[in-house]
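Input: a single structure, listed below in structure tokens.
The values are calculated or read from the model by the stated rules, or taken from the named source; none is laboratory data. Note that the coordinates shown come from a computational prediction; the quantities given were computed from them, not determined experimentally. Don't worry about glycine lacking a Cβ; one is built from the backbone with ideal geometry, like all the others, and counts go over all protein chains shown. Please note that ligands, DNA and RNA were not included when accessible areas were found on the heavy atoms of the full protein model with its side chains. Shrake-Rupley method; radii C 1.70, N 1.55, O 1.52, S 1.80 Å.
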Amino acid sequence: MSNSSVTMDKLVALCKARGIIFPGSEIYGGMGNTWDYGPVGVEIKNNIKRAWWKRFVQESENSYGVDAAILMNPRVWEASGHTTSFTDPKMDCKKCKTRHRADNLIEAHSKGAVNPDLMSNEEMQAYIQEHQVHCPVCGGFDWTPIRTFNLMFETSRGVTDESQNKIYLRPETAQGEFVNFLNVQRTTRAKIPFGIAQIGKAFRNEITPGNFIFRTIEFEQMEHQWFCKAGTDEAFYREYKQKAMQFLLDLGFKAEHLRFHDHDKLAHYAKEACDIQYLYPMGWQELNGIHNRTDYDLSRHQEYSGKGLQYVDPVDGSRFIPYVIEYSIGADRLMLAVLSEAYEEQTLEGGDVRNVLHFHPAIAAYKAAILPLQKNLAPKARQVWNNLKRRFPVIYDEAGSIGKRYRRQDEIGTPYCITIDFETMENDTVTIRDRDTMEQVRLDEEGIVSFLLEKIAF
Ligand code: GAP
């Protein structure tokens, strides 16, 4: 287990109860593998994206951001290989009509001992027959042959039938970075090596069960492409593995909950590839990927677009297509890891249990909650809230006993509770309670500002 008390069911229940994540289209009975972020969840996810952007764009020398269109010229997906190769091997159970991925069936049946990534469709089919792999839903053994299934969502553009054109919802954000390589390089006058990053929605017609927000059909990616000269690529690949790991450690992940997983089978364009896996409640799973993509992407876009995408070295005048080191992480998958890592069910003295999300204050939806000890202290508490809310996301709560209000804030991970009590009326000091230790200190208003500024820095 990633931590001693977390299970997926407990996380899903807490997220729903506390406005972090709701099932998608719930009043219509939901829609598989879709989830909606609630008032608290949207803040947490925005903070995760902000922390990533700060680290990999704003603080990263020679890295630049873009926000490319989701709908791209369909030729992009021919060039990238997605129209032909972005497929899963699917099988249908003829008995209960459920759809499954053959590779997942083999992995589950062999308890991870067999790596289906190294098998062809024929080999997977033979394994399933030989080992009598039954349907995990109904227990039947009546499979259709394996067929490859493209994961891209198609839509069409135009108002009349004649003008209709098949287009796709992007299955990754990376291509928006590749097609803007020259635009960014020319407008920033960046010299190789430099990076282009993007955060945005991607869509995949996933047929596998989702495990909450781990695998969804609509999700956000945070991707960074580092363009470099061939020969320097291997060193940069190693550097990005470390940078990706350091980012997670700085967010507060325990080192023993993370591991590198080098790929045995490489995509035809990749020279080196690995994941960082996290110990989720359902076991070790990919959290992010780092790939040495060589010059494949820009070469293919040069070929398919007919536009020269070579970089001209200002020192020696040489022309070349840069290599790319890609670092890619799902914002939702990182959110699930952050929630799993942060969750604790703590038994207090006296036997009471409190649920706490112990995440980094930079990630918390609210940096502090402002709580009047009693209703008659509300005007003063509102004054403190008004002063603080211009500087920090803070929340005001006067409903219920102080103990219940502390618990509500613990459950959404608010790192500090600022209580306005009778002493506040006398000397303008307040108490600040720490979410993790539950210890309290007294500070004046100026003291609160510098205290919070220091604690939320990432
Ligand atoms: N451009 C490379 C690329 O898209 P990927 O391994 O397919 O590579 C990168 O995806 C990351 O995006 C994954 O490591 C994961 O964090 C996230 N991701 C991929 N598919 C996802 C899905 N269906 N739901 C949520 N996150 C997903």
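Taken over the stretch 115-125, the criterion of being within 28 Å of the chain's Cα centre (by Cα) and assigned to a loop (DSSP other than H, G, I, E, B) is satisfied by ASN115 alone.
Filter the stretch 279-290 down to residues that are within 10 Å of the ligand (Cβ to nearest atom) and either open to solvent by 40 Å² or more (accessible area, probe 1.4 Å) or within 13 Å of ALA337 (Cβ to Cβ) (or both), then give me how many there are. Lay out the reasoning, then the answer.
The first filter runs over the stretch 279-290 and keeps only residues within 10 Å of the ligand (Cβ to nearest atom), leaving 285-290.
Checking the rest, the ones that are also either open to solvent by 40 Å² or more (accessible area, probe 1.4 Å) or within 13 Å of ALA337 (Cβ to Cβ) (or both) come to 285-288.
Residues that pass the stated criteria total 4.
ILE276 fulfils the conditions (1) under 20 Å from the mean Cα position of the chain (by Cα); (2) surrounded by fewer than 21 Cβ atoms within 10 Å (Cβ to Cβ); (3) within 14 Å of the ligand (Cβ to nearest atom) except for a single criterion, (2).
Being at positive phi, touching a strand residue (DSSP E or B) at 6+ places or on another chain (Cβ under 9 Å) and open to solvent by 10 Å² or more (accessible area, probe 1.4 Å) is true for just one of ASP444, ASP397, ASP428. Which residue is that?
Details: ASP444 fails: at positive phi; ASP397 fails: at positive phi.
Going through ASP444, ASP397, ASP428 in turn, the sole match is ASP428.
Only one of the numbered conditions (1) touching a residue at least 40 places away in the same chain (Cβ under 8 Å); (2) part of a loop (DSSP other than H, G, I, E, B) is not met by GLY30, and that is (1).
Taking the criterion of being open to solvent by 50 Å² or more (accessible area, probe 1.4 Å) and part of a loop (DSSP other than H, G, I, E, B), the only residue of the stretch 99-111 that qualifies is LYS111. For the stretch 400-430, taking the residues that are hydrophobic (A, V, I, L, M, F, W, C) and in a helix (DSSP H, G or I), the one that is nearest to ILE363 (Cα to Cα) is identified as ILE412.
Would you check if there is a residue in the stretch 386-407 being among the acidic types (Asp, Glu), out of contact with any helix residue (DSSP H, G or I) (no Cβ under 6 Å at 6 or more places or on another chain) and not assigned by TED's automatic domain parsing to the domain that holds LYS54? The answer is no, given that none of the residues of the stretch 386-407 is among the acidic types (Asp, Glu), out of contact with any helix residue (DSSP H, G or I) (no Cβ under 6 Å at 6 or more places or on another chain) and not assigned by TED's automatic domain parsing to the domain that holds LYS54.
Name the single residue, out of those in the stretch 202-211 being more than 7 Å from the ligand (Cβ to nearest atom) and in contact with a Leu (Cβ under 6 Å, 6 or more places away or on another chain), that is farthest from ARG99 (Cα to Cα). Step by step, filter the stretch 202-211, then rank; the result is PHE203.
Within the stretch 330-361, the set of residues being in contact with a Phe, Trp or Tyr (Cβ under 7 Å, 6 or more places away or on another chain) and of a type in the set (A, V, I, L, M, F, W, C) comprises LEU336, ALA337, VAL338, ALA342, LEU357. Residues of the stretch 325-353 that are near the ligand (Cβ under 9 Å from one of its atoms) and of a type in the set (D, E, K, R): GLU326, ASP332, ARG333. Each residue in the stretch 292-323 was checked for being more than 10 Å from the ligand (Cβ to nearest atom) and either surrounded by 19 or more Cβ atoms within 10 Å (Cβ to Cβ) or touching a residue at least 40 places away in the same chain (Cβ under 8 Å) (or both), and 19 of them qualify.
Residues of the stretch 72-98 being of a type in the set (Lys, Arg) and open to solvent by 40 Å² or more (accessible area, probe 1.4 Å), which ones?
Kept after step one, since they are of a type in the set (Lys, Arg), are these residues of the stretch 72-98: 75, 90, 94-95, 97.
Matches in the stretch 72-98: ARG75, LYS94, LYS95, LYS97.
Taking only pairs six or more apart or across chains, which ones have beta-carbon atoms under 6 Å, a first residue in the stretch 133-157 that is more than 30 Å from PRO74 (Cα to Cα), and a second residue that is among the hydroxyl-bearing types (Ser, Thr, Tyr) and in a loop (DSSP other than H, G, I, E, B)? From the stretch 133-157, the pairs are VAL137/THR98.
For the stretch 162-179, the criterion of being open to solvent by 50 Å² or more (accessible area, probe 1.4 Å), within 12 Å of the ligand (Cβ to nearest atom) and within 17 Å of MET72 (Cβ to Cβ) is met by no residue.
Anything in the stretch 64-98 that is assigned to a helix (DSSP H, G or I) and without any contact (Cβ under 8 Å) to a residue 40 or more places away in the chain? List them, or say none.
Filtering the stretch 64-98 for residues assigned to a helix (DSSP H, G or I) gives 75-80, 82-85.
Once the filter is applied, which keeps residues that are assigned to a helix (DSSP H, G or I) and without any contact (Cβ under 8 Å) to a residue 40 or more places away in the chain, the stretch 64-98 yields THR84, SER85.
The set of residues in the stretch 408-432 that are more than 30 Å from the chain's Cα centre (by Cα) and of a type outside the set (A, V, I, L, M, F, W, C) comprises THR419, ASP421, GLU423, THR424, GLU426, ASN427, ASP428, THR429, THR431.
Among the residues of the stretch 219-245, those that are part of a helix (DSSP H, G or I), surrounded by fewer than 22 Cβ atoms within 10 Å (Cβ to Cβ) and within 16 Å of the ligand (Cβ to nearest atom) comprise TYR240, LYS241, LYS243, MET245. Counting only residues that are out of contact with any Gly (no Cβ under 9 Å at 6 or more places or on another chain) and within 12 Å of LEU339 (Cβ to Cβ), the stretch 14-36 holds 1 of them.
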